[in-house]
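Notes to accompany the following structure.
Just so it is clear, none of the values below were taken in a lab; they were calculated from the coordinates. The shown structure was predicted, so the numbers you read here are calculated from the model rather than taken from an experiment. Here the Cβ is made from the backbone with ideal geometry for all residues, glycine too, and neighbour counts use every protein chain on show.
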Amino acid sequence: MAVVKKCCSNNYKTNNMISIASKKTSITRNLILIVLTFQISYSLGQVKEKSVNDKIANEVNTQPLILNQTTTFPQIHTNLNGMVSEFVRSMYQDSKGNYWFGTNGNGIIRYDDKTLERVTIEQRPTWLTIRKIIEDKVGNIWFGTSSGLVKYDGEKFTAYSTEVGLQDEEIWGLAVDSKGLIWVGSVGGVSHFDGKKFTPFLLPNTVVENAEPMLSIKSAGGFVEDNDGNMWISNDGNGIFKYKNGAFTHLTKKNGLTDNNAGVGLKDRNGNIWIGSFYGGASKFDGTTFTNFTKDGIIEGIETGSFYDDSKGNIWFTAEGIGVYKYDGTKFTLYTTKDGLTTNVVQSIFEDNKGQLWFGTWQGLCIFDGEKFVNARDKEPWTN
């Protein structure tokens, strides 16, 4: 989703989401998280790091033995051999089979079928937060981070900053459209990358009445291209903009959204657009009509995000403090700690090429085995 702060694959708030018994409580917890993130960054010296200057092809097949890594939350399930002190915010498996884990404050962790390691980026802090991971059409892996945009070309990592045209280095959104153009959403706005240069992309100045952005009214954090070629762009506290051929449509509470603090989550295989929000729950747009599942009382949870469309066509998403929902096209199924989740606060969802569904929670990584959630290390021992 994409609005900003703690939760969701697609939600600013990580991706990124805190319990919202009330707006005041949510904002307070977010401030606490920010403080904790900086505090933890000073205690990561125990973790062995790999420099990006090391030749990846010659890396030794060993894992750092970290037995007492300090974590913010009790780790019920694996925390990747002690390398995750908070939670995994984004996950991806590239076309070569490599697993990538983007953490909240511990940078990038990679598993290449031999070695589980944390990599560092030259001239970038070790406490990087990784919010988005995508792959472009030629196999480059892109990381949207708290300190700029990073590209991995299979051999080296390259970091990009405002000096090359980014609107801001606090990245929240990242996508590749059908033409291969890369969209970058940041606290300062949107930029395009066409393979050669970054170009600012300006959103309209139209602002809803009493807008309440989480970070900045210029912030953009979610991009989804629909079947008609419209790019849906989440704008922090200001609804969603649809863009095509120079024309914008502004979607707000007045014309279909349940909340102006909303973020576009995904386009499913049927072309429906799924939308999460901070205070309005989950919605679906079928090309004509919005269906507001939370508002209509079909599901619980007013803060939703991290939408994921699995290989079987199920739509998964998180409801902050409630658990994880699966929609099979007919009904919603809610999964909670009773089904094996370590906590009902889930930050990220991802499916690997084995068909395993991974869930990044505040208390470690889970894998869904089709019936229940189990510790990821029970399925993938290399995560231990």
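Considering the zone a paramagnetic label at Asp153 would reach in this model (a point 7 Å from Cα along the Cα-to-Cβ line), which residues of region 128-145 have amide N under 11 Å from it? It comes to 140, nothing else.
If you wrap the tightest convex hull around every Cα atom of region 312-363 and split its volume per residue, you get 77 Å³.
Counting only Cα atoms, the size of region 84-206 along its three principal axes is 47, 29, 25 Å, in decreasing order.
Here the label points at Lys196 and Asp296, each 7 Å from Cα along the C-beta direction, are separated by 4.8 nm in the simple model. Once every Cα of region 292-384 carries one equal point scatterer and solvent is ignored, give the base-10 log of I(q)/I(0) from the Debye formula at q = 0.13, 0.24 Å⁻¹, two decimals. After summing over all Cα pairs, the log10 values are -0.40, -1.32.
Translational diffusion coefficient of region 90-161 (Stokes-Einstein, Kirkwood radius from Cα pairs, 4 °C, 1.567 mPa s): 108 µm²/s. A viscosity of 1.306 mPa s and a temperature of 10 °C, combined with the Kirkwood radius over C-alpha pairs in the Stokes-Einstein formula, give region 193-339 a diffusion coefficient of 100 µm²/s. Region 141-190 and region 91-127 have Cα centres spaced 16 Å apart.
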